[in-house]
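Notes follow once the structure below has been shown.
The values are calculated or read from the model by the stated rules, or taken from the named source; none is laboratory data. It should be emphasised that the depicted structure is a prediction, and the values quoted were computed from it without experimental measurement. Note: ideal-geometry Cβ built from the backbone for every residue, glycine included; neighbour counts use all protein chains shown. Just the protein is used for accessible areas: all its heavy atoms, side chains included, with ligands, DNA and RNA removed. Shrake-Rupley method; radii C 1.70, N 1.55, O 1.52, S 1.80 Å.
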Amino acid sequence: MKSQYRVVVIGGGVVGASVLYHLAKFGWSDVVMLERRRLASGSSWHAAGGVHALNADPNMASLQAYTIDLLSEIEKESGQNIGMHMTGGLTLAGTPERWEWLQANYRIFQSIGIEDCELLSPEEAQRRCPIMSTDGVLGAMWADREGYIDTTGTVQAYATAARKRGAEYYEETKVEELIQTADGWKVVTDKGTITCEHVVNAAGLWAKQVGRMAGIELPVSPLKHHYLITDTVPEVAQADFEMPMTVDLEGFTYMRQDQKGVLVGIYEIDHEHWAMDGAPWNYGEELFQEQLDRIENELTLGFERYPSIQNVGIKTWVNGAFTFSPDGNPLVGPVPGKRGYWSACAVMAGFLQGGGVGKTLAEWMIHGEPEADAWPMDVARYGDFAQNKRYIRETTGQFYSRRFVMTYPNEQLPAGRPLKMAPAHDAMTEAGCKWGVSWDLEVPLYFAPKGFEETPTLKRSNAHDIVAEECKVIREGVGLLDISGFSRFEVSGPNAEVWLDKVMASKLPAPGRAKLAPMLGEDGRLKGDLTVLNWGDDTWWIMGSYYLRAWHMRWFDDHMIDGVNIRDLGEEYCGFAVVGPKSQAVVEKLAEQDISGLGFMGCDEFDIGLVRARVARMSVTGEKGYEINCRYGDHIALRRMLLEAGADEGIRECGFNAMLSTRLEKSFGIWSAEFTQAYTPGMTGMDRWIDWDKDFVGKDAALAERDGNGPAQVQVTLEIDALDADASGYEPIWSGEDRVGFVTSGGYGHYTGKSLAMALVERDKAEPGTELTVHVVGVERPACVIATSPYDPNGKAMRG
Ligand SMILES: Cc1cc2nc3c(=O)[nH]c(=O)nc-3n(C[C@H](O)[C@H](O)[C@H](O)COP(=O)(O)OP(=O)(O)OC[C@H]3O[C@@H](n4cnc5c(N)ncnc54)[C@H](O)[C@@H]3O)c2cc1C
């Protein structure tokens with residue numbers, strides 16, 4: 001072992017080994033992996049080794065598909081047998097809603113390029129898995145690329161392949177301390193100290209402690225998990241093919257063949273955390289005693305699904321632990337505020353996702369950016385609030401118990417909530433507000449009559465008409481919208497303007513003005529769909545999506561220059577928007593100064609009633625609107641005054657559901673849908689805001705796109721001839737038999753009375769009038785490209 005490396009990877013489980021392999025593969029071979037015991041001696045050795053395609057999150061499904069394809073490559077490269085059994089796999093649907101969901105997901109898989117799936121009848125599913133009972137099964141999805149591998153062999157294969165490419169790894173070497181230095185890290189081990197530029201926390205069950213070595217509190221916890229392996233099952237032994245990997249979602253079990261018996265794994269509803277502060281250092285390759293009382297119900301369902309295992313003995317019980325983040329996705333990437341400290345932990349399905357995690361992290365470290373949009377697993381998707389132990393316990397527990405439970409897009413889950421509430425929260429609840437959550441903050445969805453409960457559904461819900469009324473108020477009268485759920489950063493200092501001019505691709509606004517500002521990465525892909533406000537007193541604001549606060553702050557910090565102060569105002573400022581044709585009348589009634597001169601995209605400080613507020617004349621609804629930003633302490637008073645002042649105009653409180661419907665009618669894109677870091681300005685229409693005459697981050701790449709052949713796909717608006725459901729995102733779009741794009745977001749345009757979607761489609765299918773079809777909740781529906789902004793295309797309403 002040398003005393004200096006470029007990278008030290010801490011942990012020799014499947015994730016650390018994959019990171020090591022990818023670093024070496026992409027050209028960094030001065031890298032070492034340190035393992036306190038032997039390779040795979042954390043969760044990796046006792047995993048069930050199952051790999052399957054299905055994941056409700058399309059980004060994670062792509063990551064899994066990459067990993068599955070990689071497995072045979074590393075086997076070949078390393079010469080290490082990984083015991084690959086690609087049996088194909090089944091996912092069973094046991095309720096009509098689940099069957100609908102599976103059909104919808106089958107189409108979404110097509111959108112993201114996973115083509116080797118098919119939908120099966122219960123009878124066909126049983127023909128492929130003859131030991132299963134079809135009782136209650138309504139249908140199934142088959143995927144070719146599913147099966148299982150030998151876990152320890154796979155970790156060995158990654159490590160051996162990495163070593164062949166020049167990387168090193170050492171077992172029986174425990175990292176005991178991490179010391180940040182001016183240009184990297186000192187890694188203190190029980191075998192001596194190493195200096196390096198980068199450390200990677202791939203410590204699996206011990207990730208929490210390896211985080212704490214650097215003063216980081218990662219939102220991760222281990223939970224226990226059971227599987228059993230049976231003795232020989234006669235039907236299995238007699239079959240001339242292997243049983244497929246079978247996931248019974250309604251039964252909470254997965255099953256695969258193991259020699260002549262089967263392995264059945266259980267996602268326990270009655271979950272149990274273990275060692276929330278990280279596994280003990282003396283924990284080795286042990287297992288826990290099985291806890292049958294906790295898994296009785298799921299076990300009964302499993303035995304009913306596979307009746308032939310009722311008559312054979314159980315050879316092995318495994319009750320082991322593995323780690324989860326609050327949303328179940330890995331925590332990957334540069335940890336904010338800790339230069340050179342990288343996270344590769346909370347990977348709950350390391351054999352399924354570890355390849356993709358290793359690739360993503362290695363690209364990030366070497367090239368500064370991963371190839372694919374890493375947002376769903378970016379460690380910066382959480383803020384400080386997620387360090388709280390109870391938050392971690394509730395959210396990871398909820399994720400684990402619901403691993404196989406269907407979550408509807410309109411369903412609100414309770415874990416870790418309510419946490420942060422804007423001050424008027426309780427008064428708004430009293431007024432009927434139904435809440436959703438963004439990051440740590442409760443955000444209003446809509447206002448309903450007392451006693452109303454929304455039914456979870458994949459289709460239009462019983463809140464449809466309520467949202468329609470709120471949209472009408474916004475379009476015809478005046479609505480009041482709590483906009484605490486926007487992010488706000490204050491930029492000041494002598495170099496504030498210079499810095500903003502460099503990181504934003506648009507022209508900066510003049511004093512007293514606001515401007516839409518795309519922000520690009522060095523590779524020319526999007527990093528933000530922000531609004532910059534110039535208050536005219538040498539302070540500027542950047543406004544954007546609330547849940548991106550830590551992510552954007554990391555970006556700002558990474559691109560900071562001297563003479564600039566940037567502050568996240570998320571704990572100081574919140575506010576209300578007053579929107580609709582009668583908004584001016586309401587705000588004027590309260591404003592102590594003349595507000596009539598504040599034109600579209602103007603901004604200034606005003607006294608709104610008793611509140612000293614920062615006001616901007618803009619609205620994402622496409623109506624005339626005033627965004628009134630106030631200090632947290634003024635939120636209750638501001639709401640009360642606006643409601644009183646607006647009473648004569650019929651002001652009504654509205655929520656984000658109405659805001660999203662109205663923005664769709666204006667073809668206004670939003671982050672995580674129309675705009676992501678996978679897309680470019682040319683694809684999304686963001687290029688119209690770029691100031692090509694100035695220098696800005698990402699300019700070379702953006703110019704190359706502008707002056708090249710143009711993007712293959714461009715953003716359009718679609719009107720869908722929908723029935724009782726609207727598109728939501730990732731649904732495939734067809735021109736005849738050809739898949740020509742996918743939906744980025746969709747919904748019902750309540751005021752226009754149209755089912756709308758925004759979508760990325762091939763350029764020659766982007767002309768208004770082009771007839772296409774879209775799968776909405778799995779059902780093919782006619783759709784037509786329409787001109788952007790089906791409501792008020794000339795923007796007269798918002799300019800007012
Ligand atoms: C019962 C069970 C069944 C499972 N089934 C599947 C499945 O079918 N498919 C699937 O994909 N996943 C499955 N998993 C999950 C899978 O095991 C984990 O996702 C995976 O092992 C995580 O790998 P890792 O490398 O992140 O962590 P680990 O395997 O825990 O590796 C971390 C390593 O870091 C080392 N380490 C920690 N601290 C230090 C230090 N300070 N210095 C040096 N070394 C250190 C540890 O010794 C350990 O070897 C299952 C898990 C369990 C428990």
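Taken together, D529, D523, D537, D607 contain a single residue that is part of a strand (DSSP E or B), more than 16 Å from D691 (Cα to Cα) and either within 23 Å of the chain's Cα centre (by Cα) or among the charged types (D, E, K, R) (or both), which is D607.
Name the strands (runs of 3 or more DSSP E) wholly inside segment 174-261 in which the number of residues that are more than 16 Å from the ligand (Cβ to nearest atom) and either within 30 Å of A386 (Cβ to Cβ) or of a type in the set (K, R) (or both) is 2 or more. So the answer is 175-181. Is it the case that G646 is over 27 Å from R549 (Cβ atoms), open to solvent by less than 10 Å² (accessible area, probe 1.4 Å) and not in a loop (DSSP other than H, G, I, E, B)? Spelling it out, G646 is indeed over 27 Å from R549 (Cβ atoms), open to solvent by less than 10 Å² (accessible area, probe 1.4 Å) and not in a loop (DSSP other than H, G, I, E, B). Looking across segment 785-800, just one residue is open to solvent by 30 Å² or more (accessible area, probe 1.4 Å) and more than 17 Å from T662 (Cβ to Cβ), and that is A787.
The single condition among (1) more than 27 Å from the chain's Cα centre (by Cα); (2) within 30 Å of A237 (Cβ to Cβ); (3) touching a residue at least 12 places away in the same chain (Cβ under 8 Å) that R145 does not satisfy is (1). For the residues A505, A463, the requirement of being farther than 30 Å from P418 by Cβ, in contact with a strand residue (DSSP E or B) (Cβ under 7 Å, 6 or more places away or on another chain) and of a type outside the set (S, T, Y) singles out A505.
Apart from one condition, D116 fits all of (1) under 27 Å from Y169 (Cβ atoms); (2) open to solvent by 20 Å² or more (accessible area, probe 1.4 Å); the exception is (1). Taking the criterion of being surrounded by fewer than 16 Cβ atoms within 10 Å (Cβ to Cβ) and either touching a residue at least 12 places away in the same chain (Cβ under 8 Å) or touching a His at 6+ places or on another chain (Cβ under 7 Å) (or both), no residue of segment 679-690 qualifies. When Q103, Q80 are checked against the criterion of being of a type in the set (S, T, N, Q), out of contact with any strand residue (DSSP E or B) (no Cβ under 8 Å at 6 or more places or on another chain) and open to solvent by 50 Å² or more (accessible area, probe 1.4 Å), Q80 stands alone in meeting it. Filtered by the rule that a residue be over 26 Å from the mean Cα position of the chain (by Cα) and closer than 22 Å to D150 by Cα, segment 1-33 gives G12, M33. Among the residues making up segment 409-423, none is modelled with pLDDT under 95 and surrounded by 15 or more Cβ atoms within 10 Å (Cβ to Cβ). Taken together, P234, P244 contain a single residue that is under 22 Å from A125 (Cβ atoms), in contact with a Cys (Cβ under 6 Å, 6 or more places away or on another chain) and in contact (Cβ under 8 Å) with a residue 60 or more places away in the chain, which is P244.
Would you mention how many residues in segment 424-473 are part of a helix (DSSP H, G or I), more than 27 Å from A722 (Cα to Cα) and open to solvent by less than 10 Å² (accessible area, probe 1.4 Å)? Talk me through it step by step, then tell me what you get.
Taking segment 424-473 first, the residues part of a helix (DSSP H, G or I) are 425-430, 464-473.
Still in the running and more than 27 Å from A722 (Cα to Cα): 425-430.
From the residues that got through so far, the ones that are open to solvent by less than 10 Å² (accessible area, probe 1.4 Å) too are 428.
Total satisfying the criteria: 1.
Listed conditions (1) under 25 Å from Q126 (Cα atoms); (2) within 10 Å of the ligand (Cβ to nearest atom); (3) in a helix (DSSP H, G or I) are all met by A48, apart from (3). Tallying residues that are outside any helix (DSSP H, G or I) and among the hydrophobic types (A, V, I, L, M, F, W, C) within segment 659-701 yields 10.
Residue by residue, here is whether (1) over 30 Å from P234 (Cα atoms); (2) basic (K, R) holds:
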site	(1), (2)
I114	yes, no
R127	no, yes
M132	no, no
G136	no, no
G153	no, no
A159	yes, no
W185	yes, no
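Count of segment 377-401 residues, restricted to those that are acidic (D, E) and assigned to a helix (DSSP H, G or I), is 2. For segment 567-598, the tally of residues that are assigned to a loop (DSSP other than H, G, I, E, B) and open to solvent by less than 30 Å² (accessible area, probe 1.4 Å) stands at 5.
A quick yes/no check of all residues on (1) charged (D, E, K, R); (2) buried (at least 23 other Cβ atoms within 10 Å of the Cβ); (3) touching a strand residue (DSSP E or B) at 6+ places or on another chain (Cβ under 6 Å):
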| residue | (1), (2), (3) |
| --- | --- |
| M553 | no, no, yes |
| E605 | yes, no, yes |
| E623 | yes, yes, yes |
| L638 | no, yes, yes |
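Return the residues of segment 610-621 that are open to solvent by less than 10 Å² (accessible area, probe 1.4 Å), assigned to a loop (DSSP other than H, G, I, E, B) and of a type in the set (G, A, S); say none if nothing qualifies. Answer for segment 610-621, where residues must be open to solvent by less than 10 Å² (accessible area, probe 1.4 Å), assigned to a loop (DSSP other than H, G, I, E, B) and of a type in the set (G, A, S): there is none. Mind counting the residues in segment 2-41 that are at pLDDT 95 or above, within 14 Å of the ligand (Cβ to nearest atom) and assigned to a loop (DSSP other than H, G, I, E, B)? Going through segment 2-41 one residue at a time, the tally reaches 9. When L23 is tested against the conditions (1) buried (at least 24 other Cβ atoms within 10 Å of the Cβ); (2) under 26 Å from L223 (Cβ atoms), the lone failure is (2). Only one of the numbered conditions (1) away from the ligand (no atom under 16 Å from the Cβ); (2) more than 19 Å from A203 (Cα to Cα); (3) not basic (K, R) is violated by M365, and that is (2). Within segment 615-630, being more than 28 Å from the chain's Cα centre (by Cα) and of a type in the set (G, A, S) holds for A616, G625.
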